[in-house]
There are 2 protein chains.
Amino acid sequence: MTDPRVRLNQMIAKLQAYNFRITPQSLAVLKILAASLDHPSVERIYEQVKAVFPTTSLATVYKTINLLKEVKEVLEVRVSAGNRFDGNRPFPHPHVICLKCKKIIDPDLSGIQELTEEAAQKTGYRITEHCLDFFGICPDCQAEE
Amino acid sequence: MTDPRVRLNQMIAKLQAYNFRITPQSLAVLKILAASLDHPSVERIYEQVKAVFPTTSLATVYKTINLLKEVKEVLEVRVSAGNRFDGNRPFPHPHVICLKCKKIIDPDLSGIQELTEEAAQKTGYRITEHCLDFFGICPDCQAEE
DNA sequence: GTATGTGCAAAGAGTTTGCAGGGTA
DNA sequence: TACCCTGCAAACTCTTTGCACATAC
C-alpha cells in the first residue's frame, strides 16, 4: 500500500487545489481513508470519526466522501451489502469480495489493460474507468464450512 | 443474443422448478427481460408492464425481479444512475456503459476466464461470480462533443 | 471578513414488507 | 380448494438537502 501519510498529503493538496477547506472533521475522514486497508463503509468511517469528534454528523462524512469522489481521491466499491471505500488506492483496480463475511482484498492481476483496450476497440467507447470485482468465499469462510 | 422465446421458456421452467407460480403480471416481466437488449431499469420495466396491465404495481415488478435474481435468471448491473437488468444473458459478462447517455452494451472479450483463475489462485477465494464493467463515452456522445 | 463547512432535522430516492383480497395450480 | 401472488400503503435504508451557526482561510 501507499504510505498513509503520503496519501493524506495528496488528498489535502488535491482538495486545496479545488479550493475546498480542510477542517478537523474532514481531516479525520481523510486520515481514515488514507490508511484504509479494509475498504470501510460510510457507517464505519462515521464511527471512527465520532471516536475523535463525537459531535460529527453522518451528513458531514457523506459530504466529505463526495468531495473526494469528485476530485477522484477515493474509489467507491459498489456492493449490494452497502458501498465501501478505498482512499489508499483511488484508481480502478480489481477486488475480490467474500459473499459471507464481506471481506475485500485487492489482488494484483495482469491483463486488465489489454482487456480495456479490447473493449474500447470493439465498442468504439472512449473508456475512462472500469470496475472489476470478483465474488466468492474467502479462505476463512471456506474453512468454517 | 439468445432467442427471447427460448429465454422465456428457460425462465418459466426455472421458476416452476422452484414452485413459483406464473401469473399474467410476472409473465409480462419475464417477457420484457427475456427480450431485453437494452438493460432496462426497474422503472422502465414497470412502465412497459403497465402498458399491458395498467393495475400492476411497482412492488410486483420488484418481487418478480427478486425471484429471478434468486434463481439466477437475471443479471443485475449495479450503476450509480440506477440499477439495470439483463434477462437475456443472466450470467456474468462484461458491460461497457456510457457515462453520459447510460447506454450499456455487451462486448465479447477474451481473457476473463484466465483473469478469474489468476484472482482465485492469488487470493485463495473460491470465486463464483464476477462483475466487469467499463465506463466511458459512447461513439454517439463523442460525436456530440 | 467572508465564503464555506458543520450539525441537525427533514426530505428524497429506491426498495422491501404486511396485509387483505383475488387468482393459479 | 389451498396456498401463493397481487396491489396498496406504510416502512425502511441509504443518501442528500436546507438552514442557522461556527470556522478556515
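Read the figures in this text as sums done on the coordinates, not as results from a lab. Note that the structure is a prediction, hence the values are computed from the model and not measured. FYI the Cβ positions are ideal-geometry reconstructions off the backbone, even for glycines, and counts take in every protein chain you see.
Taking only the Cα atoms of the range B:59-140, the ratio Rg/Rh comes out at 1.01, with Rh defined as the Kirkwood radius.
Label-point distances for A:S80 to the equivalent site in the other copies, using a point 7 angstrom along Cα→C-beta, read 2.2 nm when ranked shortest first. Listed cross-link partners A:K100/A:K122; A:K14/A:K103; B:K50/B:K102; A:K69/B:K102 are compared with a 25 Å cut-off, the Cα-Cα value being larger for A:K100/A:K122; A:K14/A:K103. Based on the reciprocal of the average 1/r between different C-alpha atoms, the Kirkwood radius for the range A:95-144 equals 12.8 Å. Return P(r) of chain B (all Cα-Cα pairs; 10 Å bins starting at 0; whole %; ordered from short to long distances). Over chain B, the share of Cα pairs per 10 Å bin runs 11, 35, 33, 17, 4, 0 percent.
Within the range B:58-145, the trypsin sites (Lys or Arg not before Pro) that combine a DSSP coil assignment with at most 11 other C-beta atoms in a 10 angstrom radius are B:K72. Summarising the label geometry, the points placed 7 Å from Cα in the beta-carbon direction at A:K100 and B:T23 lie 3.7 nm from one another.
Paramagnetic label reach from B:Q10 (point 7 Å along Cα→Cβ; backbone nitrogen cut-off under 14 Å): within the range B:79-104, residues B:86-93. Counting charges near A:P139 (Lys, Arg +1; Asp, Glu -1) among other residues having Cβ under 14 Å from its Cβ returns a value of +1. Inter-copy label distances for B:D3: 6.5 nm (label point placed 7 Å from Cα along Cα→Cβ; shortest first).
So what is the calculated 222 nm ellipticity per residue for the protein assembly as shown, using -39500 (n - 2.57) for each DSSP H run with n of 4 or more, over all residues, to the nearest 500 deg cm²/dmol? Numbers along the way, then the final one.
On the way: 12 runs with 134 residues, N = 290.
Here the helix-only value at 222 nm equals -14000 deg cm²/dmol.
Entry note: the range B:4-86 has Rg to Rh equal to 0.93, where both radii use alpha-carbon atoms and Rh is the Kirkwood radius.
Plainly put, the tip 7 Å out from Cα toward Cβ on A:K69 is 1.9 nm from that tip on each other copy, the closest given first.
Over every pair of different alpha-carbon atoms in the protein assembly as shown, take the mean of 1/r and invert it; report that Kirkwood radius in Å.
21.1 Å
B:S57 sits among other residues whose Cβ lies under 14 Å from its own Cβ, and their net charge, with Lys and Arg +1 and Asp and Glu -1, is 0.
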